[in-house]
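K.L.:
Questions regarding the structure given below will be posed in turn.
The values are calculated or read from the model by the stated rules, or taken from the named source; none is laboratory data. Only a predicted model underlies this, so the values are computations on that prediction, with no experimental measurement involved. Cβ atoms come from the backbone with ideal geometry, glycine included; neighbour counts cover every protein chain shown. Accessible surface is based on the protein model in full, side chains and every heavy atom, while ligands, DNA and RNA are left aside. Shrake-Rupley method; radii C 1.70, N 1.55, O 1.52, S 1.80 Å.
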Amino acid sequence: MRASRLWGAVCLVGVLSFGSVRPSGADEHNAGVAARLPAGALATVEVEGLAAVVERLLASDYAADLQQRSLLAPLRKTEGYRRAIAAKRMVEYYYGMSLRDLSRDLFGGSIGVALYPPEDDEKPELLIVAHPSNKKAFDEVLGRTRTLLVAVAADKMRESKLIDGTSLTAVDDKVYFGVREGWLVVATTERLAGQAVALLGGDGEVPSLAEDDAYRRVTKRLGRGGVIRGTVKRAFLEAASKGKFPPSRFDNALAALLFGGIFEMMGESSMLAWSLGVAENDVSLTLAIPGDVARLPERYAGYFADSNKDAAPGIPRIKGEIAGLTMYRDLASLYRGREELMEERILPNFDKFESGLGNLLPGKSFAEDVLPNLGKRFVILASTQSYEHLDGKPGVQLPAFALVADSSSPDASDLYQLLFQTVVSIGNLTVGKRGGEPWIMTGEQYEGVQISYCRFLNRPAGEELPFINNFTPASALVKDRYIISSSLELCRQLVGHYQGKDTPATENSDDNVKLLVQADTLANILDRNKHLLEARMIQEGTPAPAAKARLAFALEWLTRLDQFQLTSKVEGDGLDLRAEVSWK
């Protein structure tokens with residue numbers, strides 16, 4: 001028990017640092033945390049302005065609404081929550097101010113946290129440097145902390161003087177802290193603390209992280225801004241994951257398709273950088289991966305276009321859009337390299353797939369005759385649908401889905417048409433087994449384009465209609481794009497988009513992959529099926545009133561959001577990933 005109190009007191013200074021806020025009048029020496037950290041770090045975190053963001057969030061209507069909701073009642077009943085509140089009250093009583101004020105007033109400058117290679121122990125060495133915004137409050141808190149440490153661990157404390165006269169306090173020879181030039185230093189080794197103190201004192205013999213070439217190169221990709229920024233060396237990731245990250249082979253074809261190129265870029269980069277930015281109405285997380293995509297092994301060439309102008313197409317703007325995914329992928333190239341991309345135990349599944357496909361395309365090679373004709377640029381869309389083809393609604397209301405792919409040759413169009421006809425045939429067999437209305441293949445002219453689609457032999461009517469009634473499969477060839485859709489309604493929208501005057505605005509993007517999710521329409525489709533979601537929660541043991549309240553709360557908060565975006569983009573000599581959430 002005494003040991004836990006000791007470590008709590010020692011680490012309090014470090015914990016407080018995570019509430020940092022940079023005041024508007026911060027002077028120059030508060031900038032550039034990397035210049036206060038010794039070179040050679042395995043991983044770093046730099047914090048500036050976080051407390052201002054936290055203050056804004058705590059003062060927002062969202063926080064007030066969350067506090068008033070009964071959904072937090074289960075959390076308040078947990079032992080962990082009670083212990084956290086008790087610890088908070090003890091800290092506030094001892095220091096004579098709220099933890100919120102303590103964090104804001106003491107650490108309104110800059111924070112740096114870094115891990116370094118160990119000298120003897122297997123665990124990395126930890127260093128924290130922090131610049132307080134209120135020196136008077138800092139001196140008082142530091143004095144009280146020393147008093148507390150003396151009271152609980154006087155026999156484990158010792159003072160030492162560095163060459164420049166700076167005093168270091170050691171606790172049990174496991175934690176060392178001192179102050180130099182207004183900066184607090186906390187480290188797990190005396191050597192590391194001494195290096196940090198020397199660097200803060202302007203000792204030119206100790207190189208700083210800001211002078212490290214790899215650090216400067218990777219952080220340059222992030223630009224300026226971000227309340228939290230960090231770096232991590234690939235070697236550290238590999239060691240921490242025992243060689244499992246980044247993965248060299250995949251056991252899932254979809255994961256390989258989406259992330260194979262990203263992980264290989266990580267594997268080729270010596271250091272990665274990331275930043276978290278918070279603006280008035282959005283929060284973003286950016287990952288910078290330096291490296292030249294042109295130098296990747298040949299099996300990864302299919303992930304990246306030769307130039308950004310040939311990258312993924314733009315996501316069409318359509319009514320009721322829930323989500324859109326656009327990507328560039330050379331499927332033929334990736335399929336040829338599957339033996340090096342996929343785990344060996346997965347490869348027989350590809351052979352089975354090719355055997356089954358041979359029944360549809362006798363005499364055709366999937367790798368050489370089929371995939372090269374399917375194009376390299378794809379868009380997948382999901383949208384709400386009005387069910388204008390029904391007199392009623394299905395019991396489960398699904399979104400409409402569509403695939404839009406390049407179709408620059410007659411062979412490509414024939415292949416997609418064959419795929420469409422196969423889907424319709426399988427669908428009709430499924431409907432027949434379940435006693436539903438069969439589809440009839442027909443067609444129409446829309447905006448000068450021929451659309452092939454399926455309608456039900458007899459128009460379904462009633463409530464809680466079977467699942468299959470969500471679908472009216474449709475396809476069309478528009479210029480050099482082939483559309484396959486689960487809904488005639490969505491297919492018409494896409495034909496109108498690609499035939500319309502607004503097409504050039506969304507014709508292309510410079511993204512490698514982009515996912516866009518619209519919160520309003522996602523909430524709409526979930527609300528349509530909330531009875532099923534509630535039933536699932538109840539089945540898993542949630543009381544009915546709680547299930548209803550939690551789902552209502554989640555849907556309400558979802559409608560307050562605007563959209564979610566995830567993009568990967570080749571920029572110069574590297575790849576950048578960015579996730580962004582915006583709200584209204």
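K.L.:
Restricting attention to the stretch 56-65, report how many residues are open to solvent by 50 Å² or more (accessible area, probe 1.4 Å) and in a helix (DSSP H, G or I).
P.N.:
Total satisfying the criteria: 5.
K.L.:
Something else about it: Of all residues in the stretch 222-241 being open to solvent by less than 40 Å² (accessible area, probe 1.4 Å) and assigned to a strand (DSSP E or B), which is modelled with the lowest pLDDT?
P.N.:
Per the stated criteria, the residue is I228.
K.L.:
Related question: When the residues of the stretch 367-403 are filtered to those that are part of a helix (DSSP H, G or I) and acidic (D, E), which remaining residue is most open to solvent (accessible area, probe 1.4 Å)?
P.N.:
Applying the first criterion (part of a helix (DSSP H, G or I)) to the stretch 367-403 yields 367-373.
Pick out the ones that are also acidic (D, E) and you get 368-369.
Numbers: E368: 111, D369: 61 Å².
My answer is E368.
K.L.:
To continue, here is another question. Taking only pairs six or more apart or across chains, which ones have beta-carbon atoms under 6 Å, a first residue in the stretch 479-500 that is more than 14 Å from A405 (Cα to Cα), and a second residue that is aliphatic (A, V, I, L, M)?
P.N.:
S486/A400; S487/A400; L488/A474; L490/A400; L490/A402; Q493/I318
K.L.:
Just the residues that are in contact with a Pro (Cβ under 8 Å, 6 or more places away or on another chain) and open to solvent by 30 Å² or more (accessible area, probe 1.4 Å), please, taken from the stretch 252-269.
P.N.:
Selection gives F263 alone.
K.L.:
Consider D306 carefully, then state whether it is over 30 Å from S386 (Cα atoms) and either in contact with a His (Cβ under 8 Å, 6 or more places away or on another chain) or not in a helix (DSSP H, G or I) (or both).
P.N.:
It is true that D306 is over 30 Å from S386 (Cα atoms) and either in contact with a His (Cβ under 8 Å, 6 or more places away or on another chain) or not in a helix (DSSP H, G or I) (or both).
K.L.:
Need pairs with beta-carbon distance below 7 Å; first residue at positive phi and within the stretch 208-235, second open to solvent by less than 30 Å² (accessible area, probe 1.4 Å) and modelled with pLDDT of 90 or more; sequence gap 6+ or separate chains.
P.N.:
Pairs found: G225/G277; G226/S275; G226/G277.
K.L.:
Also: Among the candidates L126, L102, L148, single out the residue that is among the hydrophobic types (A, V, I, L, M, F, W, C) and within 23 Å of V232 (Cα to Cα).
P.N.:
L126
K.L.:
Looking only at the stretch 156-205, which residues are of a type in the set (K, R), open to solvent by 60 Å² or more (accessible area, probe 1.4 Å), under 22 Å from A41 (Cα atoms) and not in a loop (DSSP other than H, G, I, E, B)?
P.N.:
Listed by number, the list holds a single entry, R191.
K.L.:
Quick check on my filter: what residues within the stretch 404-418 are of a type in the set (A, V, I, L, M) and surrounded by fewer than 18 Cβ atoms within 10 Å (Cβ to Cβ)?
P.N.:
Across the stretch 404-418, the qualifying residue is only L418.
K.L.:
Moving on. Among residues belonging to the stretch 473-489 that are out of contact with any helix residue (DSSP H, G or I) (no Cβ under 7 Å at 6 or more places or on another chain) and of a type in the set (D, E, K, R), point out the one that is nearest to Y453 (Cα to Cα).
P.N.:
Top of the filtered list is E489.
K.L.:
Would you check if T219 is among the β-branched types (V, I, T) and not in a strand (DSSP E or B)?
P.N.:
Values: among the β-branched types (V, I, T): yes; not in a strand (DSSP E or B): yes.
Spelling it out, T219 is indeed among the β-branched types (V, I, T) and not in a strand (DSSP E or B).
K.L.:
Taking the stated definitions as given, is T384 in contact (Cβ under 8 Å) with a residue 24 or more places away in the chain and farther than 24 Å from P316 by Cβ?
P.N.:
no
K.L.:
For the subset of the stretch 289-324 comprising residues that are hydroxyl-bearing (S, T, Y) and buried (at least 18 other Cβ atoms within 10 Å of the Cβ), which member is nearest to G500 (Cα to Cα)?
P.N.:
It comes out as Y303.
K.L.:
Here's another thing I want to ask about it. Go through (1) over 30 Å from V232 (Cα atoms); (2) assigned to a strand (DSSP E or B) for M90 and report which single condition fails.
P.N.:
That leaves (2) as the condition not met.
K.L.:
So is G436 over 27 Å from D411 (Cβ atoms) and assigned to a loop (DSSP other than H, G, I, E, B) or not? Break it down into steps so the answer makes sense when it comes.
P.N.:
Values: over 27 Å from D411 (Cβ atoms): yes; assigned to a loop (DSSP other than H, G, I, E, B): yes.
For G436, the condition - over 27 Å from D411 (Cβ atoms) and assigned to a loop (DSSP other than H, G, I, E, B) - is met.
K.L.:
Let me ask you something else. Looking for whichever is under 23 Å from the mean Cα position of the chain (by Cα), closer than 23 Å to F378 by Cβ and not polar (S, T, N, Q) here; the options are R336, R329. Which one fits?
P.N.:
On the way: R336 fails: under 23 Å from the mean Cα position of the chain (by Cα).
After applying the criteria, what remains is R329.
K.L.:
Continuing with the same structure: How about the stretch 70-105: which of its residues are closer than 23 Å to A151 by Cα and modelled with pLDDT under 85?
P.N.:
Across the stretch 70-105, the qualifying residue is only L102.
K.L.:
Has the stretch 141-153 got any residue that is modelled with pLDDT of 85 or more, open to solvent by 60 Å² or more (accessible area, probe 1.4 Å) and either among the hydroxyl-bearing types (S, T, Y) or in contact with a strand residue (DSSP E or B) (Cβ under 7 Å, 6 or more places away or on another chain) (or both)?
P.N.:
Yes, some residue in the stretch 141-153 is modelled with pLDDT of 85 or more, open to solvent by 60 Å² or more (accessible area, probe 1.4 Å) and either among the hydroxyl-bearing types (S, T, Y) or in contact with a strand residue (DSSP E or B) (Cβ under 7 Å, 6 or more places away or on another chain) (or both).
K.L.:
Can K319 be described as in contact (Cβ under 8 Å) with a residue 12 or more places away in the chain, over 17 Å from the mean Cα position of the chain (by Cα) and not in a helix (DSSP H, G or I)?
P.N.:
yes
K.L.:
Please specify each residue of the stretch 538-561 satisfying the condition of being touching an Asp or Glu at 6+ places or on another chain (Cβ under 8 Å) and charged (D, E, K, R).
P.N.:
The answer is K548, and nothing else.
K.L.:
What strands (runs of 3 or more DSSP E) lie completely within the stretch 476-584 and have 2 or more residues being open to solvent by less than 30 Å² (accessible area, probe 1.4 Å) and not polar (S, T, N, Q)? Let's see the steps before the verdict.
P.N.:
Numbers: elements: 481-485, 513-518, 561-570, 574-583.
Passing ranges, in order: 481-485, 513-518, 574-583.
K.L.:
Go through the stretch 337-366 and count every residue that is assigned to a helix (DSSP H, G or I) and crowded, with 18+ Cβ neighbours inside 10 Å.
P.N.:
The total comes to 1.
K.L.:
All but one of (1) modelled with pLDDT under 80; (2) crowded, with 20+ Cβ neighbours inside 10 Å; (3) under 29 Å from W274 (Cα atoms) hold for A34, so report the exception by its number.
P.N.:
Looking at each condition in turn, A34 falls short on (1).
K.L.:
Within the stretch 206-221, take every residue that is open to solvent by 30 Å² or more (accessible area, probe 1.4 Å) and over 14 Å from S270 (Cβ atoms) and give me the one that is nearest to the chain's Cα centre (by Cα).
P.N.:
Here the residue is K220.
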